[in-house]
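The values are calculated or read from the model by the stated rules, or taken from the named source; none is laboratory data. Here the structure is a predicted model, which means the values were calculated and not measured. Glycine gets a Cβ as well: all are built from the backbone with ideal geometry, and neighbour counts include every protein chain shown.
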Amino acid sequence: MKITFLGTGTSQGIPVIGSKHPVCLSHDFKDKRLRVSVLVEWDDYAYVVDCGPDFREQMLRVNCHKIDGILFTHEHSDHVAGLDDIRPFYFRQGDVQIYGHKRVIASLTKRFDYIFTTENKYPGVPTLSINVIENKPFMLHNLKVIPVNGMHHQLQVFGFRFKDFAYLTDMKSMEAVEIQKIKDQLLKELISTKAKILEYTDLSKPIAPENAIGRVSRMDAINNKSIVEAALRESKKKLIDLSTIKKKINSKNFGMCISCNIEIPYGRLIIRPNSKKCVNCAI
């Protein structure tokens, strides 16, 4: 499975129009961040989670020629405003599958009424196949997707777990049963990471002279050993991070920013388990 983060910016994107904040004035390409979205690919399938106002640019950036569907987390503009830009996919592929909570589908139907109408439809408008989802697993071809229910202030939002990858955005709080889904993922990741550490440790053992035939073969072996050692270091760091969040997740203060005392989004904690500050306070 391949995961491509299409955007990791705020609802306004980074830089924010007219902002004098150092991040918005930065020339670092990492500070040019589009609205949040992710592309999930496996076998011959490709699905996008959310299609905000940057959707067209995101598809061009990653040279995406086909999508099998779009999963929506919620109906805010920074997550749905690019829906009309699915037209090139529709022209090549036919009807595009969309998945969302019934409330989200109702909002899309109202906002993009010209797409969902069945009478006197303009020929250049795409046609969508609607799939209403609830807080229970569903299948995308041969892959089981597990919704993760959360709250964005007072609005219900869905996150999604694909195998051992969970994507959560705009979440401020989650119930215990939803946190358990993340715990299950963490446990799998811990087991997988420990197995990788054992594998890399074995592969990084010193190279015996009798195992290298000639100078070129030995140089190749040394280069491979360096790559394995780098992977081992990354796996050990990942294990520490995963162990940290596993210990903290049951704490009363888990996920609270030490500066403003506001909840840190769970998506940030999954990516950076040692986060002590929210995004705003960390800048």
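Quick look at the values:
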read-out	value
Residue match in the range 99-108 (condition: of a type in the set (S, T, N, Q), under 23 Å from Asn135 (Cα atoms), outside any helix (DSSP H, G or I) and modelled with pLDDT of 95 or more)	no
Selected residue (only one of Pro147, Pro126 is farther than 19 Å from Val40 by Cβ and modelled with pLDDT of 85 or more)	Pro126
Scope the range 241-276; condition outside any helix (DSSP H, G or I), at pLDDT 75 or above and either buried (at least 17 other Cβ atoms within 10 Å of the Cβ) or touching a Gly at 6+ places or on another chain (Cβ under 7 Å) (or both); matching residues	Cys257, Ile264
Test for Asp50: is it touching a residue at least 12 places away in the same chain (Cβ under 8 Å), of a type in the set (D, E, K, R) and touching a Cys at 6+ places or on another chain (Cβ under 9 Å)	no
Single match in Thr73, Thr109 (criterion: touching a residue at least 60 places away in the same chain (Cβ under 8 Å) and either in the same structural domain as Ser129 (by TED's automatic domain parsing) or in contact with a strand residue (DSSP E or B) (Cβ under 8 Å, 6 or more places away or on another chain) (or both))	Thr73
Restricting the range 130-188 to residues that are touching an Asp or Glu at 6+ places or on another chain (Cβ under 8 Å) and of a type in the set (D, E, K, R), the residue that is farthest from Lys238 (Cα to Cα)	Lys172
Output for the range 91-133, where each listed residue is of a type in the set (Val, Ile, Thr), surrounded by 17 or more Cβ atoms within 10 Å (Cβ to Cβ) and under 25 Å from the mean Cα position of the chain (by Cα)	Val96, Ile98, Val104, Ile105, Ile133
Criterion (assigned by TED's automatic domain parsing to the domain that holds Met139, at pLDDT 95 or above and of a type in the set (D, E, K, R)) met by exactly one of Asp28, Asp44, Asp50	Asp50
Any chance Val145 is in a strand (DSSP E or B), of a type in the set (Val, Ile, Thr) and touching a residue at least 12 places away in the same chain (Cβ under 8 Å)	yes
Index of the failed condition, Gln156 passing every other in (1) in contact (Cβ under 8 Å) with a residue 40 or more places away in the chain; (2) closer than 17 Å to Asp50 by Cβ; (3) surrounded by 15 or more Cβ atoms within 10 Å (Cβ to Cβ)	(3)
Ser129 vs. criteria of a type in the set (S, T, N, Q), under 24 Å from Pro147 (Cβ atoms) and not in a helix (DSSP H, G or I)	yes
Restricting the range 200-240 to residues that are at pLDDT below 80 and acidic (Asp, Glu), the residue that is surrounded by the most Cβ atoms within 10 Å (Cβ to Cβ)	Asp220
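Here's the yes/no breakdown for (1) surrounded by fewer than 13 Cβ atoms within 10 Å (Cβ to Cβ); (2) under 26 Å from Asn131 (Cα atoms):
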{"position": "Gly13", "(1), (2)": "no, no"}
{"position": "Asp44", "(1), (2)": "yes, yes"}
{"position": "Asp50", "(1), (2)": "no, yes"}
{"position": "Gly82", "(1), (2)": "no, yes"}
{"position": "Phe89", "(1), (2)": "no, yes"}
